[in-house]
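Beneath this line is the structure, given in structure tokens, with notes to follow.
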Amino acid sequence: MPYDVIVVGAGSAGCVAAACLTAGERCRVLLVEAGPDYPSVADLPDDIADASMPAMSHDWGFVAEPDALGRSVSLPRGRLVGGCSATNAGFAVRGWPADYDGWAALGNPGWSFAELLPVFRAVEADADFGGDWHGRDGPVPISRPSPGELAPLQQAFAAAAVAAGHPRADDHNQPGVTGVGPMPRNVRGGLRMSTALTHLAPARGRSSLTIRAGAVVDRIELRGTTVRGVRLGDGETVAAGAVVLAAGAYGSPAILLRSGIGPAAELSELGIAVAAGLAGVGRNLTDHPLVAVDLPTSPGYRGPRFQMMLTLRSARADPDGPPDLHLFPAGPFGDGPDGGGFGLVAGLLSVQSRGAVRLRSASPADPPRIDVAHLRHETDLARMVEATQHARLLSRTPPLAGFVTGAELAPGPAIGDHDSAGLARSVRERVSSYHHPVGTCAMGPEPDDGAVVDARGAVHGISGLWVADASVMPVIPAANTNLSTIVVAERITQWLAGQAVG
């Protein structure tokens, strides 16, 4: 066989996996990516390089199944080497120790926060903080805007949050911290530092690594329950003794299902022979929902975005547990002679709703059916209503109130602060994705309980197959998931390569 391992998907996780597995140049790795490859910074399209805004030019085009109101929200996923780390807003937030301790408590040894902290520290090069909690020498640069770099809107948001009673939080990645403070981001000099740059670029010269872009993976080639390689969308088969799936929370379960690994009845209905009846494949989909209070502002406003963030607990959160809400100012947008607008964006971090990824057909050309289940659980909706009420409070608190130049754009003045039913209706009508899908190949010890992989990422019942991306997270962290996805890929592929840290 020309390859020892095929890594499927060159996104946040796949670039990390390929770099880790080829570190000693003993393991021959093929990294397969459906989108294009831009080998150097000079080759990057402008929007992919520019970290000031998320990029949408390289997208899979996924759309959620219609919700109860008939709405189908867009679910952007990066289709290029670097994946979503090459298109996202660059938030570099870890989550709370309790998030990872919860994974371990579900029967996944090696995943407690104490065990993952060395991996987090090894991943990051934090420009602002060191000590026991942070790393200085890792591949991922993390920094926060200084007070002098803050745009006026961002300064006003922070001051309003403090005036409303929130503490300052200089370091959102310090365990136990809530409040308002500068956003940690993996950005350097305005350049979005994707894993294509932080991890894959240093590995490109290795003779043990082959990168194949523009190739869609259809399914895993199996002999019985043993991996023999992958089949591409054009029918070509590529042999290898092991496969690591890193195609993300939508892509990895879809590949498993097309390979005959998943709920037996669903596979049979599609004419797919069952190789391993794993009921949890595609289930447990969890995503942070997002909604904003949109406000008008004066014309001519300019300034950096994504500089400040508020983490807080709703009235329904455990007072000793992780925060369940993010609030941050986004904008301006639509700036013209009559003014523009900005949003106070709320993200729900503690999510009870669960969705699923299913196949439309056995063809890789057909996108999967994605039920994101936003706000399906009544507790999720209630928390987002509370978040909207709090965003409104901040919008009326000086000095932020001075940036609002007219009537609220959404939910709008016709819906009062105490009109919970009206706010709930508005939230349902406008909810979108925070772009953090996880959980569809959840790790755990018991397949009968919905586990797809074991605690080291190996697929139950299949020899030579691993999953090493956000899909293995059994519970979503209370944070943006790019940094935790990098750590998941590091952890699993270090074990696979015998190089585990911590």
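Overview of values
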quantity	calculated
Within segment 77-89, tally of residues that are touching a helix residue (DSSP H, G or I) at 6+ places or on another chain (Cβ under 9 Å) and either among the charged types (D, E, K, R) or over 23 Å from VAL140 (Cα atoms) (or both)	1
Flag if VAL291 is in contact with a Leu (Cβ under 6 Å, 6 or more places away or on another chain) and either part of a helix (DSSP H, G or I) or of a type in the set (Val, Ile, Thr) (or both)	no
Number of positions in segment 357-385 that are in contact with a helix residue (DSSP H, G or I) (Cβ under 7 Å, 6 or more places away or on another chain) and part of a loop (DSSP other than H, G, I, E, B)	5
Meets criteria (farther than 30 Å from GLU446 by Cβ and touching a Phe, Trp or Tyr at 6+ places or on another chain (Cβ under 8 Å)) for ARG185	yes
Test: residue in segment 343-356 that is in contact with a Ser or Thr (Cβ under 7 Å, 6 or more places away or on another chain) and farther than 27 Å from GLY102 by Cβ	yes
Those residues of segment 101-131 which are in contact (Cβ under 8 Å) with a residue 12 or more places away in the chain and either closer than 25 Å to PHE306 by Cβ or of a type in the set (Asp, Glu) (or both), in sequence order	ASP101, GLU115, PHE120, ARG121, VAL123, GLU124, ALA125, ASP126, ALA127, ASP128, PHE129
Residue within segment 81-96 that is surrounded by 22 or more Cβ atoms within 10 Å (Cβ to Cβ), more than 30 Å from LEU310 (Cα to Cα) and within 17 Å of the chain's Cα centre (by Cα) present	yes
Cross-chain or 6+ apart pairs with Cβ under 8 Å, segment 308-323 first and open to solvent by 40 Å² or more (accessible area, probe 1.4 Å), then of a type in the set (A, V, I, L, M, F, W, C)	ARG313/LEU325; ARG316/ALA382
Filter result (open to solvent by 40 Å² or more (accessible area, probe 1.4 Å) and of a type in the set (Val, Ile, Thr)) within segment 405-451	THR405
Among (1) surrounded by fewer than 24 Cβ atoms within 10 Å (Cβ to Cβ); (2) over 20 Å from the mean Cα position of the chain (by Cα) - the single one VAL475 does not satisfy	(2)
Single residue of segment 250-296 satisfying the filter (within 30 Å of PRO329 (Cβ to Cβ) and open to solvent by 10 Å² or more (accessible area, probe 1.4 Å)) that is farthest from the chain's Cα centre (by Cα)	PRO296
Candidate set from segment 37-61 (those that are touching a Lys or Arg at 6+ places or on another chain (Cβ under 8 Å), of a type outside the set (Gly, Ala, Ser) and surrounded by fewer than 21 Cβ atoms within 10 Å (Cβ to Cβ)); member that is nearest to MET193 (Cα to Cα)	ASP50
Qualifying position, being farther than 30 Å from LEU295 by Cα and surrounded by 18 or more Cβ atoms within 10 Å (Cβ to Cβ), among TRP133, TRP103	TRP103
Pair list, Cβ < 6 Å and 6+ apart or interchain, from segment 370-399 residues that are within 13 Å of ASP324 (Cα to Cα) and in contact (Cβ under 8 Å) with a residue 60 or more places away in the chain to residues that are aliphatic (A, V, I, L, M) and part of a helix (DSSP H, G or I)	MET384/VAL427
Flag if SER208 is in contact (Cβ under 8 Å) with a residue 40 or more places away in the chain, touching a Gly at 6+ places or on another chain (Cβ under 9 Å) and of a type outside the set (A, V, I, L, M)	yes
Restricting segment 215-230 to residues that are basic (Lys, Arg) and over 27 Å from the mean Cα position of the chain (by Cα), the residue that is farthest from GLY251 (Cα to Cα)	ARG223
Residue pairs meeting the criteria (Cβ under 7 Å; at least 6 apart or on separate chains; first modelled with pLDDT of 95 or more, in segment 261-281; second open to solvent by 60 Å² or more (accessible area, probe 1.4 Å) and part of a helix (DSSP H, G or I))	VAL274/SER268
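Condition check ((1) closer than 17 Å to GLY282 by Cβ; (2) in contact with a helix residue (DSSP H, G or I) (Cβ under 7 Å, 6 or more places away or on another chain); (3) not basic (Lys, Arg)) across all residues:
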residue	(1), (2), (3)
PRO445	no, no, yes
GLY450	yes, no, yes
ASP454	no, no, yes
ILE462	yes, no, yes
ALA470	yes, yes, yes
SER484	no, no, yes
GLY498	no, no, yes
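The values are calculated or read from the model by the stated rules, or taken from the named source; none is laboratory data. Every value quoted in this text rests on a predicted model; they were computed, and no experiment measured them. Heads up, the Cβs are rebuilt from the backbone with ideal geometry, glycines too, and the neighbour counts pull from every protein chain shown. Side chains are part of the model used for accessible areas, which takes the heavy atoms of the whole protein and leaves out ligands, DNA and RNA. Shrake-Rupley method; radii C 1.70, N 1.55, O 1.52, S 1.80 Å.
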